[in-house]
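We did not get these values from a lab; they are worked out from the coordinates using the rules stated. Since we're looking at a predicted model, the values are computed, not measured. When we count neighbours, we look across all protein chains shown, and the Cβ atoms used for this are built from the backbone with ideal geometry, even at glycine.
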Amino acid sequence: MRQTTLKLFVLVLFLLIGSTVIIRSSHAQQQADKPVEQVRKNIQVLKGMPDSQLLAVMDFMSTSLGVNCAYCHVVPQMEKDDKPTKITARKMMLMQFDINKNNKDILGGGVTCYTCHKGQTEPRGLPQLPITPPANAAAGGPGGGAGPRPPAEPLPTVDQVLDKFVQAIGGKAAYEKLHNREMRGIQVVTGGTEIPLETYQAAPNKVVTILTTPKQGVITTGYNGTVGWTKNQRGQRELAGAQLDLMRRAADFYGDVHLKELYPDLRVVGRSRIGDHEVYVLSSKVSDTRTERLYFDAQTGLLLRIQGITQTMLARIPDQTDFEDYRDVNGVKLPFTIRLSGINPQNDWMRKYTEIK
C-alpha cells in the first residue's frame, strides 16, 4: 500500500502553491536560476535577484498595499512604465534598501513595505484616536503590578519531540513496512472551486501529483528520483534550483521518521499555542535563504503546522501549512485535511483527502 511523508504534503503543496504561478510565468520559470533582469524586461531595481523569486516578491508588495498587479503595471505588458505608481514603487524599494543597509545594528530583520503600509496604499502616519491604554498600564506602574511569574517548565529536547511524533504516527517499524501510496480528494481554492486531485508516491523518492482544473486543464508535477518536472496545457518544464530542492526533499518517502536527517540543525525554540493546542516549536535553517518552524502538539505529539520564511532581496516571504483531521491508514496516522496559506490569498487553498490507501 502507499505511504508518504508529511514533508511530501508540505513541499509538494508549497511547490504547487497555485496553478496561477505556473500559468503566469511558464516561459520565465524555465530559466528560474538566472537573474531576473536576464529573463524579464525593464528590471531596474531588483537586478541580481533570482527570477524564481519575482512572483513571490510582487505578491508581497501587492499584499502590503492591499492592491493587485494593475495598480502599478500595464497588464499584460508588465514592462511598461506608463503608471506613476510603478515609478513610485521603485523609489520606495530603493528607500527601503537604504534604510536597511544603514541601520542594521538597530533594525534586526529590517523594514519592508508592510512595516508601514499594512494593507493600505497610504501609510497611517498618526495614531488612531481614541487611544486605548496599554493592558499592563495599571499593573505595571509603581506600587501596582503582579508578582513575578512562576518559572516555566523546561522544554523537551529535539530527540524527545521527534520520538514522540514518530510514535504518534505509528512508529518507525510501521512506516517502513509501507512502500507506496495513493491519495485522492479535492483541492478547494479561493472562491470555493473544488479541483479533483490525485497523488502517487513510491519508495524511496518518487512522486506524482495531478490536479484536474476546470479552466487550465490537467496540471502534473512529479519527481522520478533524479528529475523534477511540471506539465500543463502550455507544455512541460523541468524544475531547477530551489524548486527542485523542495521537490527532492518532498519525495523522501520515509522523511517523517527521518526528520532529524532532513533538519540536521533542528532546535527547540519555545512553546506556543495553535487554537486550544499547546505546541512545542522547533526551528531549522533548511537552506541559505529558507528557515522553517515545526509546531508539534505537546499532548499528542502530532505535527500541526509548518511555517516557512524565505529570504528574498526585498523581504522575508512567509508561508504556512496546517495539518488537521489525522486518521489511521494502514497502521500509521496521516492528516486528511491540509491548508496552505501565503502572502497572496488568491493562492491559498485547502486539500481534503477522501481516500488514502
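Tabulated data
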quantity: Order by protection proxy (mean Cβ within 10 Å, highest first), peptides 331-338, 74-81, 50-57; calculated: 50-57, 331-338, 74-81
quantity: Gain in span if fully extended, Met92 to Glu79, counting 0.36 nm per residue against the direct Cα distance; calculated: 2.9 nm
quantity: Protection proxy ranking of 108-121, 317-330 - average other beta-carbon atoms within 10 Å, highest first; calculated: 317-330, 108-121
quantity: Translational diffusion of the stretch 28-117, µm² s⁻¹ [Kirkwood Rh, Cα pairs; Stokes-Einstein; 20 °C; 1.002 mPa s]; calculated: 152
quantity: For the chain: rounded, prolate or oblate by the Cα gyration tensor [a/c cutoff 1.5]; calculated: oblate
quantity: Total lysine pairs whose alpha carbons fall under 17 Å of each other in the stretch 28-117 (8 or more apart, or interchain); calculated: 11
quantity: Relative contact order of the chain, pairs being alpha-carbon contacts under 8 Å that are 6 or more residues apart, as %; calculated: 20
